[in-house]
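The values are calculated or read from the model by the stated rules, or taken from the named source; none is laboratory data. A quick note: this is a predicted structure, and the numbers were derived from the prediction, not measured. Cβ sites come from the backbone with ideal geometry, for glycine too, and all protein chains shown count toward neighbours.
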Amino acid sequence: MKISFNVETLFSGMPIEEAMRTLHRNGIRTLEFWSWKDKDIARVRQLRDELDMDIASIVVTPESLLDPSRRDALRDAVKGTAEAARELGCRRMVHTAGPAVPGVRPEDTRKRLIEGVEACLPILEEYEVITALEPLNNRIDRELADGCLTTSEEAFAIAEAVQHPLVKVCYDMYHVQIMEGNVLQRLQNRISLVGHIQGAGVPGRHELYLGELNYDYIFDAIKQMDYNGYVGVEYFPLHDPIEDLKQIHAKHHTG
C-alpha cells in the first residue's frame with residue numbers, strides 16, 4: 001500500500017517547499033496537495049526531482065461539473081490542472097463537483113454531472129491523467145453544505161455510467177463515514193472504481209486515531225484489495241504531526 005501525505009492539511013500555512021523537506025528529512029517521499037495555482041509548479045517539480053519524491057494527487061481548480069453554461073470554464077480548469085499534473089509527474093487529479101443548482105431535480109443532477117465528466121474526457125486522454133470524483137459531506141462541514149455530490153454511491157454511479165478507465169472516485173473515508181457509514185464494505189465492493197483514497201479522524205477531521213474509525217484495521221484490509229493507487233492521509237493535526245506520520249508510514253507504507 002502506498003501512503004501519501006497532504007501537506008496543506010498536515011502543515012497548514014507552511015510553504016510547500018519547507019513541508020516537502022520536512023517529510024523528506026523524516027523518511028517520507030510521497031505527498032499530495034490541493035491547489036496548484038498558488039504554487040510555483042516549476043520549483044515544486046525541481047524540488048521533487050532533487051529529493052526524489054512522488055506527488056500522488058492535486059486538485060482540479062474548482063469549477064462546476066453541473067452547470068452546462070460553465071462547460072468551457074470547466075474544460076479550462078481541467079486542462080490547466082492536467083498540465084500542472086504532467087509537469088509534476090502526477091497521474092491523479094481529485095475533482096470536486098461544485099455547488100448544487102437550485103431547482104435541478106436529483107435525476108437531472110446525475111445526468112448533468114455525467115455530461116460534465118464526459119466533456120472532460122478528451123483532455124484526460126490527451127494528458128493520460130485520472131480524474132477522481134470526490135463526494136463531500138454536507139452535514140458537518142458547513143462550508144460544503146451546498147455541494148451537489150455528497151455520497152460515494154452517487155459518485156460510483158456516475159463513474160459507472162461514464163465507463164472510462166480515466167474516470168474514478170476519490171474515496172475519502174472521512175466524508176463517507178459522515179454521510180453513509182459502512183466505510184470498509186463500501187470500499188471493498190467498489191474498489192475497481194476507486195482512483196484515490198483519503199482518510200482523517202471522524203469526527204473532527206483530526207488525527208487518524210482520534211475517532212470512531214479503526215484505521216489500522218482499514219489499512220490492513222486495503223492491503224488485501226486489488227488496489228494499486230495511493231491512500232492519502234489528510235487531516236488537520238491537533239499537535240505536531242511528524243511522529244504520527246512517521247509511525248503511519250513505517251507501519252503501513254509498503255510501496
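Conditions (1) of a type in the set (Gly, Ala, Ser); (2) touching an Asp or Glu at 6+ places or on another chain (Cβ under 6 Å); (3) in a helix (DSSP H, G or I); (4) touching a residue at least 24 places away in the same chain (Cβ under 8 Å), marked per residue:
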position: Asp216; (1), (2), (3), (4): no, no, yes, yes
position: Ala221; (1), (2), (3), (4): yes, no, yes, yes
position: Asp226; (1), (2), (3), (4): no, no, no, yes
position: Gly232; (1), (2), (3), (4): yes, yes, no, yes
position: Gln247; (1), (2), (3), (4): no, no, yes, no
position: Lys251; (1), (2), (3), (4): no, no, yes, yes
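Run Arg139 past the list (1) over 18 Å from the mean Cα position of the chain (by Cα); (2) part of a helix (DSSP H, G or I); (3) among the charged types (D, E, K, R) and report the number of the one that doesn't hold.
Failed condition: (2).
Just checking, does the range 143-154 include any residue being over 30 Å from Glu18 (Cα atoms), in contact with a Leu (Cβ under 9 Å, 6 or more places away or on another chain), in contact (Cβ under 8 Å) with a residue 12 or more places away in the chain and part of a helix (DSSP H, G or I)? Before you say what the answer is, go through the steps one by one.
Initially, the range 143-154 is screened for residues over 30 Å from Glu18 (Cα atoms), giving 145-154.
Applying the additional criterion that residues be in contact with a Leu (Cβ under 9 Å, 6 or more places away or on another chain) yields 147-150, 152, 154.
Keeping just the survivors that are in contact (Cβ under 8 Å) with a residue 12 or more places away in the chain gives 147-150, 152, 154.
Filter once more, keeping what is part of a helix (DSSP H, G or I): 152, 154.
The answer is yes, given that some residue of the range 143-154 is over 30 Å from Glu18 (Cα atoms), in contact with a Leu (Cβ under 9 Å, 6 or more places away or on another chain), in contact (Cβ under 8 Å) with a residue 12 or more places away in the chain and part of a helix (DSSP H, G or I).
Can you report the number of residues in the range 163-180 which are part of a helix (DSSP H, G or I), crowded, with 21+ Cβ neighbours inside 10 Å and of a type in the set (A, V, I, L, M)?
Residues that pass the stated criteria total 2.
Among the candidates Arg91, Arg110, Arg71, single out the residue that is at pLDDT 95 or above and under 15 Å from Phe156 (Cα atoms).
Values: Arg91 fails: under 15 Å from Phe156 (Cα atoms); Arg71 fails: under 15 Å from Phe156 (Cα atoms).
The unique qualifying residue is Arg110.
Just to be sure I understand the filter: pairs with C-beta atoms under 8 Å, separated by 6 or more residues or on different chains, first member in the range 42-69 and free of Cβ contacts under 8 Å to residues at least 40 places away in the same chain, second member part of a helix (DSSP H, G or I) and among the hydroxyl-bearing types (Ser, Thr, Tyr). Which pairs pass?
What qualifies is Ile58/Thr81; Val59/Thr81; Thr61/Thr81.
Looking at the range 181-204 only, could you name the residues that are in a loop (DSSP other than H, G, I, E, B) and out of contact with any helix residue (DSSP H, G or I) (no Cβ under 6 Å at 6 or more places or on another chain)?
The answer is Gly181, Asn182, Gly201, Pro203, Gly204.
State which residue is surrounded by the fewest Cβ atoms within 10 Å (Cβ to Cβ) when the search covers only the range 46-93 and only residues that are touching a strand residue (DSSP E or B) at 6+ places or on another chain (Cβ under 8 Å) and among the basic types (Lys, Arg).
This residue is Arg91.
For Glu128, work out the one condition from (1) of a type outside the set (A, V, I, L, M); (2) within 30 Å of Val202 (Cβ to Cβ); (3) touching a Lys or Arg at 6+ places or on another chain (Cβ under 8 Å) it doesn't fulfil.
Among (1) of a type outside the set (A, V, I, L, M); (2) within 30 Å of Val202 (Cβ to Cβ); (3) touching a Lys or Arg at 6+ places or on another chain (Cβ under 8 Å), the lone unmet condition for Glu128 is (2).
Starting from residues that are surrounded by 13 or more Cβ atoms within 10 Å (Cβ to Cβ) and among the hydroxyl-bearing types (Ser, Thr, Tyr), keep the ones in the range 209-224 and report whichever is farthest from His239 (Cα to Cα).
Only one residue tops the list, namely Tyr215.
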